[in-house]
Every structure is written in C-alpha cells, then in structure tokens.
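Heads up, the thing below is written out as structure tokens.
The values are calculated or read from the model by the stated rules, or taken from the named source; none is laboratory data. Computed from a predicted model, the values in this text were never measured in an experiment. Here the Cβ positions follow ideal geometry from the backbone for every residue, glycine too, while neighbour counts run over all protein chains shown. The area values use the complete protein model at the heavy-atom level, side chains included, leaving out ligands, DNA and RNA. Shrake-Rupley method; radii C 1.70, N 1.55, O 1.52, S 1.80 Å.
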Amino acid sequence: MQYIHGILEFAVRRRNFESLDEKMHRLKRKLDKLESKESDINEELTYAESLSLKKRRKSVETWLTNVERIKEQVQQMEQDVRQRRWYEFLKLQNSIERSTIEVEELIQEGRFSEGLTLAVPNQRYKLMTPELVGEMFRKNKEVIWECLMNDKISIIGVYGMGGAGKTTLISDIYNELLNHLDVSVSWVTASQNCSIFKLQCDIAKTMNLDLSNEEDERIRAAKLAFALNKRNNNVLILDDVWDYFPPERVGILIGVNTSKLILTTRSLDVCRRMRCQKQIKVIPLSYKESWKLFMNTLGREMRLSYKCEEIAEALVAECDGLPLGIIALAGSLRGVNDINEWSYALEKMRESNVQQHEDDVELNKVFRGLMYSYDKLKDQRVKECFLYCSLFPEDYLIRRDKLIEYFIDEGLIDGTSNKQAQFYRFHTILNKLENVCLLEGGISKYTGMMCVKMHDLVRDMAIQIVTRSHPKCFIKAGMRLRNFPTEENWTMDLVRVSLMKNEISNIPTNTSPRCPRLSTLLLSGNSKLNSIPYSFFVHMDGLVLLDLSDNMSIKSLPSSVSNLEKLAALLLGGCWNLEFVPSLSNLRSLQRLDLFGTKLSEVPDGLQALTSLRYLNLNTQKLKMVPVGILPKLSRLQHLVLQECESYTKPISIKEIGSLTKLETFKGQLCGINDFNEFVKSWEEGGPTCYLLQMGIPISRPWKFDYSSKVYDKTICLSSCNISESKDGEDSLVLPKHVESLHIHRCQYVKCLCDVASLKKATDLRECKIKDCDDVEHLLCSSCCSFPIFKRLESIDLINLVMLRTLTSSASESRIFCYLKKLSLSKCPNVKRLFTYALSSNLQNLESLTVYGCQQMVEIIGEASDHEDNNILSFPKLNRLELLSLPELERFCNNDMKPIASDSLQVISISDCPRLQRIPLLRELLCPPPSLRFIFCKKIWWESLKWDHSNAKDLLQPFCRLR
C-alpha cells in the first residue's frame, strides 16, 4: 500500500512540474510580446528625442523601468524553475502567476493613448548674415553640404585669412540647417584665449546643460559627451578657432550618431592638427566678384559718374578681394556723389592710420578699409559711441537698451529729455554704424532682445584707437583673467577701464590706483570677486560710471564709495549676495541706481538725498519696506521698478508713486483692487508710457528675471484675484485704456472676457493670454463680439482652460479676429471644434496656428451652413501650422470644403494625431508650395499628397525625415 501511495505521489508531482513548465512557457511568450513593444517604444523615443522637439513622458519612463525590472525578475524565475525542488512548487507557481498578470498589465499600459512624448519649446534663431557673393563661395558651400551628407567625413575645416568670409559662409550653412528640425545644430564662437573650460561651458549652454557645479574638467567632458551622444544628426560649429585642442578633452564626440564638427580658423595648421578630413580654403574674391559685392552694398540704384567709377574701381582693387573690407568701404560711401569725397577715400585707403602689422600684410588691407569707414564718421558722438562698444568682450552681443543707459550715464546722449527722444537719438546712431558696416545688428537667440555686435577685426581696430589715444582706455574684457591687473597698468591718463567678464576673485589689499581722470570702470561679470578694499576707490575722484553688476560673490561695498561725488551710475544688479551698501547721501550727481536681485533688506542710507535720480530699481530679494516720504523727493525719476507687495511689511503709498510726474517706465506689484484702481485712475491725465503692472499673487518671483533695464510694453498681469464685474457693491477692476497686453492667470468667476468690465473702454489691446482659469467657457460671448477692441487682437494664447468649449459663443462673427496673427490653444480638454466656418473666413492675417493636447478636438474648422460658400477657404499669410497630441482629431475641416494652401506656408508639424488621415491645406496641390521648408508627419499623410515625391523629397533633403 505504501508503495502504491509513493507511485501516486510521484505522478502528481510530475504532473504539477509539467504544469509549471507550461506556465513558465506561457509567461515567456507574453514577455516576448512585451519586449517587442519595449523595442518599438525605445526606437520611437530615440527618433523623437533626436529632433530636439520632444521629451518622453514621466509615465513612459516609469513604464520602461517596470519592464526592465520584470525582465530581470522573469530571468531569475526561469533559473529557479530549472533548479526546482518538489517542495518549491507552490511558491514558484504563485510567482509565475503573479508575474504573468503583471506582464499582461504592462502590455495594456504600453498603449499610451496620450502618446510617448511631450512637445518641448524650441526657438531657433537665424544668424544675421550678408548675401554670399562669388563662384568660390557657391562651390565651397556645395562642398560643405556634400561633406555633411557623407557618413565617412566627420570633421570639416574651413580656413582662410581674416576678413575673407569664413564666418559668413558657415553662417549661411547654419541658417539652412535650422530649416531641418531633425538636425541638432549648435554654434559656438571660440576666439582667442579660449580655454577648454570656457569651450565646455559654451557648448553646454547651447544644449541647456548645466555644468556650473562641476569643476573637474574630465567629469565635465564626460557629461558633455553623454549629452552629445543622445543627439542624432548633431552638427557642432566652432567659429574662429585659433589654437589646436583635443576634441575628446572637451567632450566632443565625432562620428557618433552621425555627429559632425565644422570649424573655422585662420590657420591651415589648426585644421591639420584637428584631423579635419576635409579642408576648405576660403580665398579672396576675384576682382569681378569684388566689384559686384561693392556695388550691391553701395546700392544698385546709385549711379556713379565716369570719374567716380574709376576711383571706385581703384578702391575695390585696394581691398584685395576681402569681403569685410569691401562691405565696410562701400557702406561708408553709400549716397556719396561728390568726386572730392571719393578722391579723399582713395587717398586715405592708400595710407594706414593704424599701426601696421608687420607679420600680416593682408590684415592691414582690411584695416585700411575699416579705418576709412571710421574716419568717414563726421559726428564725434557717433565715433565715441562706436569706440565705446570696444569695451565689451569679443563676440559679445550688446543689448541696445543697455547701451542707451551707458551712453546717457557717460553724457554721450542727453539724459534730460524724455526716454522716447533718447531712444530715437540712440537708434539713429546705431543704425548709422550698422549702415556703414562697423556694427552688426541682430536679435539675441537667448533673450529675443535687439543687440549689436562688433566683428573681431573691427573691434581690433577700435581697441588700437582707444588704447593709443590720449587720454586712453585699458581693455581686458572677456580675457578670463584670474589676477587683478598690477598698478603699473593703471596710468594717470586712463579714462575708461573694462575688466568685465573675467574670473578675478580678489583685489589685493591696499591696491589704490591713481587715476584722477578715470570716468568709467566696468567690473561686471566677475562672479568670483568677493571683496573690494577701501583703498581701491580713494584716488578715483572723477569716476562717473561704476558697473559691479553680476558679481555674485560680493557681500558688501567699501565705504570709500560714499566719496565718489561725481558718480552718475552705480550698477549692482545681479549681485545676489550683496547685503550692505554704504551711505549714498554724498552722491548728489547719481542718476542711475540698480539694486536688482541684491539681498538688501532696507533701502540704502541717504537714498532720499539723491534728487538727481532718473532710474531706480528696488526689485531686491528681501527689501522690507520703502520708508514713507522718500519717493516724492525723487521727483526726476523716469524709470522705477519696485518689489512685489507681499515682501513689504508696509505697502507703498499709491499717492507717492502718483506724485512722480516724470515717470515713463514702471514695474510694480499692487496688493489689492482698490490700490490698483486708484493707481490706474491717476493716469487719466498722464502717466507711464511703458509699464508692467501686476495685481494679486505674483506669477513668479521677480528677481529670477532681469527687469533691471527692460523697457516694458503696456502690460497688465492679473493673478489669483477676482477681476469679474462686481455684483455685490464692491469696486470693479479698472484697466488702463491703453493696455496692449493682458495676462490672466488663475482668476475665478470669469466666463469670458466681457466679465472684465473695464475692457469695454480699452482701445489698444493686441495680446491676450489666459491660463489656468477654471471658469472660462468662451473667450468671447455674443455681447462682447461687437466690441472693436476684440476685433483688433493680434495674439491669443489659451492654456489649460478646463471648461473652455469655443472661442466665441456668438452666432454673428462678422470681422472678429480679422487682425489675428497668432493663435495657440493648449490643454483645453472640452474644445471639440476650434473655428466655425464663418469665423475661419475672417483669418486672412493668421500667420501661426498651434493646437496642442486638446483631448476631444475633432476638427479645426466646422462645416459651412447652407447659405455659406463652402468651396473656397484661404489662409494667405499662414506660415506655421502645428497639430500636436490630438487623439480624436479626424479632419482639419469638413470634407466638402476645398481649402487653398497658403503661399507663405513654411512649417507643418503633425504629431500624435492617430485619427487624422490627410495633411490639411495641401490635399489639392500638385506640388509643394515654394515657401515650404519643413514637414514632419506620418508616412500615410505624406503618401496621400498628389506631389511628385522625388522632387518634394529633394526640396526637403538632406536632413528632414519624412515619416
């Protein structure tokens, strides 16, 4: 009997173990399916992230982590099953069943109906560059493009003498690369004295990578290499490389993920040592090409006499084919018809007023053309403004609004007139310098502000002028100096010293430069500077401008600053740790005081005595209060920036601010609706022409942003407050009639814009941004659609409005939004249709349309009614269309319509719209619009077009991927 029982037990165990094997095989089959899904998701993520337009969702990241964990868990379980013991059966069986359930759940979760990624804002600004002229430029450009297409070439070197046009050539390549959004392109200017450390910082900045907390060069290189390795189709441009450096020491990976490096240099030896696989020489233009560039710059409409043309030919020959010299020379002669001036120009070109470079004859030829352009500036103030720009570091983008303040401080522009007049005068000067090609104009890609920049050769010439003149300047800006210049550098005849953007950490004790004529001292941007000795300012009695801004380590100023009685500007903005400023009572000439972002808890002693102040920034971190009676004494104030009201122990009196009759620019936070209304009503007979006025809980801490010199538009920001029309006897919000930009954030009881009663009287509203307002159902209702102000809106940005259903509830939409240029709708889950057909017919000026994350959006434009013409729909100015993460979107417009593509359409981006089957606005076209530069969409949409695909792909190649 015992024998039979043993046989039965063995049979049961064998059957159970076979059942265990079957369950393990079932788990493995499901795991294989999960791994396939993981592989597809990783491949899609890799591509999306390579575009620099997407980032993976947190839920996707968590899912991938869980998949990796379950894979390891099943692998261990498989090993346990192979080594199993009969008494482990139940434990293994339970583990396998639990894992099977978890794998099935992960397979279901891996559908990600909302998509794998989120859109990442990515603004890419083109460089300002003149038109390329010459056959050699065209050929060089073609060669570079061929190298970019060749997987075997990773490093491209472009070399040639200074002024030959290397930077212009590569700028044109960079601008074209920007048209292809699946290319990650970065521009870094190396320049002279560029260290490995600085190069790492500059490259990291282009990728939004923070290396500030890492000092070890090798670790920085590793982090940089890791970040670069994640970017597919990466092109790194290093402009103006002077010396060899090992790329791997910086962290530059070449040939990884199709990464490429383009560098420009004046030396062929640098190209060779950098192991450039293709070396391209930029040679001077031929005489014929030089003449064409000269005439293009001079202006084709200009007719030269026979004798002037003879002189012009000689002048072009003197430039020896160097584009920079030709452009500068032609710019200075634009509009000149007097034969005597042309003769004088040729005479000046044949002699050099700048000391010759014995080892660089070609460079002197460029300098002669530049020097003539400078001599041609007859207005001494214009010359001084030009030379002043040499105080800034090489390749530094100088903000125009910052320059005007410096010029006023220095007395180069009259500071007594109103701000608008100053700006007119200032921009006229800079425009003139740009017109003669001594300055380059543009917009900063980081701040969006208007800037100017000096070409390095132009700056070299300007520095030679100011350092050899009497009195003279001492300029060591952006040189990465660690040690403070010794006293022999501080001569008696110095008038201006620039040591900005260095790494000076200490000014030796008892340092006391004897510079009685020194008027300007720029010490900004030395972030490691922690103290200044008392003796330093003792012999600087003539100091007019002292810029110590962005010195983040300094905690106090020496009391000797109190004796600088001629000081007109004391700039301390960005000194985050500054806690003490000595008495200012003796600084009766002070006109500008910037304390932005400092740690001062009280206003400086003697502030009330500064009756000449025209500019005051009190936007500090810890300021408790502005004592009563101080502001009215500062009656000349034109620019005033105040701290947010919640930081004050005692609110500022509105009457005191209202007493400042010369105030032109104001930024401030008002605590309540009564103060807000009182302040706005005081403007009825005049007030600030530029303002940023906030009410309610601040949207963000103001010292995180540079308000120190910003000239504000007429902007109102309302946050977390009741702004709807009062129905219970309380005061209603009063907005300025001239408000141009309105931001509403987290405000309740607002169902549409007409609930803000005082908007009915506004006349100039151009921009409206509404975010996180849970009660908004319509932007406009039937009653407010008739208000002229809403017809003139140019920009609308609606974000996270959970109750929003339509833009307008009005049945009559005549002329609404007829001036609208930009519309962005994000995360509004209840909007099913963006426009009615009638409303869309008004959008003749629409330039940009973005719809993102609207979960129930079915169509962009609704069906036309019976009495409406449904055959024609035109968007003549639309240049950008983005439809992103719209899971229910089925169509752009009703199928019966025949929309006409915009002739100006440049960018189409459609992502995570699984139900959309056709590309909107393009289905009737037989060829791509000539303006189209980029299209990103699914393969099914691409194939639905009736285009000649080969020609279309040629248009969008080499880097744009069509999916």
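Inside region 667-708, residues that are at pLDDT below 50 and open to solvent by less than 10 Å² (accessible area, probe 1.4 Å) make up a count of 1.
Right, Gly163: part of a loop (DSSP other than H, G, I, E, B), surrounded by 22 or more Cβ atoms within 10 Å (Cβ to Cβ) and of a type in the set (Gly, Ala, Ser) or not? Walk me through how you get there before you give the answer.
Details: part of a loop (DSSP other than H, G, I, E, B): yes; surrounded by 22 or more Cβ atoms within 10 Å (Cβ to Cβ): yes; of a type in the set (Gly, Ala, Ser): yes.
The answer is yes for Gly163.
Entry remark, region 201-216: residues being over 16 Å from Ile254 (Cβ atoms) and open to solvent by less than 60 Å² (accessible area, probe 1.4 Å) number 9 in total.
Could you identify the single residue in Ile311, Ile327 that is of a type in the set (Val, Ile, Thr), open to solvent by 10 Å² or more (accessible area, probe 1.4 Å) and over 25 Å from Ile283 (Cβ atoms)?
Values: Ile327 fails: over 25 Å from Ile283 (Cβ atoms).
After applying the criteria, what remains is Ile311.
Residues in region 150-182 that are modelled with pLDDT of 85 or more and within 30 Å of Glu882 (Cα to Cα): Ile170, Ser171, Asp172, Ile173, Tyr174, Asn175, Glu176, Leu177.
Anything in region 590-601 that is in a loop (DSSP other than H, G, I, E, B) and surrounded by 15 or more Cβ atoms within 10 Å (Cβ to Cβ)? List them, or say none.
We begin by selecting, within region 590-601, every residue in a loop (DSSP other than H, G, I, E, B); these are 590-591, 595-601.
Within region 590-601, Leu590, Gln591, Leu595, Phe596, Gly597, Thr598, Lys599, Leu600 qualify.
Scanning region 456-479 for residues that are under 28 Å from Lys198 (Cα atoms), of a type in the set (A, V, I, L, M, F, W, C) and in a helix (DSSP H, G or I) returns Leu457, Val458, Met461, Ala462, Ile463, Val466. If you filter region 420-444 down to residues that are within 18 Å of Thr168 (Cα to Cα) and open to solvent by 40 Å² or more (accessible area, probe 1.4 Å), you find that the one that is modelled with the lowest pLDDT is Asn435. So which residues in region 208-256 are within 26 Å of the chain's Cα centre (by Cα), assigned to a loop (DSSP other than H, G, I, E, B) and not aliphatic (A, V, I, L, M)? Hits for region 208-256 are Asn208, Asp210, Ser212, Asn213, Glu214, Lys230, Arg231, Asn232, Asn233, Gly251. Entry remark, region 560-584: residues being within 16 Å of Leu600 (Cβ to Cβ), in a helix (DSSP H, G or I) and open to solvent by 10 Å² or more (accessible area, probe 1.4 Å) number 1 in total.
The rows are residues; the columns are (1) open to solvent by 10 Å² or more (accessible area, probe 1.4 Å); (2) among the charged types (D, E, K, R); (3) under 34 Å from the mean Cα position of the chain (by Cα).
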{"position": "Asp605", "(1), (2), (3)": "yes, yes, no"}
{"position": "Leu616", "(1), (2), (3)": "no, no, yes"}
{"position": "Gln621", "(1), (2), (3)": "yes, no, yes"}
{"position": "Val628", "(1), (2), (3)": "yes, no, no"}
{"position": "Leu631", "(1), (2), (3)": "no, no, no"}
{"position": "Val641", "(1), (2), (3)": "no, no, yes"}
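Residues are listed down the side, and each one gets a yes or a no for (1) hydrophobic (A, V, I, L, M, F, W, C); (2) out of contact with any Cys (no Cβ under 6 Å at 6 or more places or on another chain); (3) assigned to a strand (DSSP E or B); (4) assigned by the TED database to the domain that holds Leu545:
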{"residue": "Tyr424", "(1), (2), (3), (4)": "no, yes, no, no"}
{"residue": "Leu433", "(1), (2), (3), (4)": "yes, yes, no, no"}
{"residue": "Cys437", "(1), (2), (3), (4)": "yes, yes, no, no"}
{"residue": "Leu481", "(1), (2), (3), (4)": "yes, yes, no, yes"}
{"residue": "Glu488", "(1), (2), (3), (4)": "no, yes, no, yes"}
{"residue": "Thr491", "(1), (2), (3), (4)": "no, yes, no, yes"}
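Every residue, every condition in (1) surrounded by 14 or more Cβ atoms within 10 Å (Cβ to Cβ); (2) at pLDDT below 85; (3) not assigned by the TED database to the domain that holds Met149, yes or no:
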position	(1), (2), (3)
Leu224	yes, no, no
Val235	yes, no, no
Val241	yes, no, no
Gly255	yes, yes, no
Thr264	yes, no, no
Leu268	yes, yes, no
Cys276	yes, no, no
Leu315	yes, no, yes
Leu322	yes, yes, yes
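Taking the criterion of being surrounded by 18 or more Cβ atoms within 10 Å (Cβ to Cβ) and either among the charged types (D, E, K, R) or closer than 22 Å to Leu557 by Cβ (or both), the residues of region 478-497 that qualify are Phe484, Trp490, Leu494, Arg496, Val497.
With the structure loaded, tell me whether Arg766 is surrounded by fewer than 18 Cβ atoms within 10 Å (Cβ to Cβ) and modelled with pLDDT of 85 or more or whether it fails that test. Judged against the criteria, Arg766 is a match. Within region 782-796, one or more residues are at pLDDT below 80, open to solvent by less than 10 Å² (accessible area, probe 1.4 Å), among the aliphatic types (A, V, I, L, M) and within 22 Å of Lys714 (Cα to Cα). Checked against (1) more than 21 Å from Gln591 (Cβ to Cβ); (2) without any contact (Cβ under 8 Å) to a residue 40 or more places away in the chain, Ile475 passes all but condition (2).
Without any contact (Cβ under 8 Å) to a residue 60 or more places away in the chain and under 20 Å from Gln669 (Cβ atoms): is that true of Glu602 in this structure? So that I can check it myself, show each step before the final result.
Details: without any contact (Cβ under 8 Å) to a residue 60 or more places away in the chain: yes; under 20 Å from Gln669 (Cβ atoms): yes.
So Glu602 fits the description; yes.
Identify, from the list Leu181, Leu177, the residue that is open to solvent by less than 10 Å² (accessible area, probe 1.4 Å) and within 18 Å of the chain's Cα centre (by Cα). Answer to the selection: Leu177. The residue that is farthest from Ile465 (Cα to Cα), among those in region 498-512 that are surrounded by 22 or more Cβ atoms within 10 Å (Cβ to Cβ) and in contact with a helix residue (DSSP H, G or I) (Cβ under 9 Å, 6 or more places away or on another chain), is Met500.
When only residues in region 813-843 that are over 29 Å from the mean Cα position of the chain (by Cα) and among the polar types (S, T, N, Q) count, which is modelled with the lowest pLDDT? Checking each candidate, the answer is Ser814. With respect to the conditions (1) open to solvent by 30 Å² or more (accessible area, probe 1.4 Å); (2) in contact (Cβ under 8 Å) with a residue 24 or more places away in the chain, Met302 lacks only one, and its number is (1).
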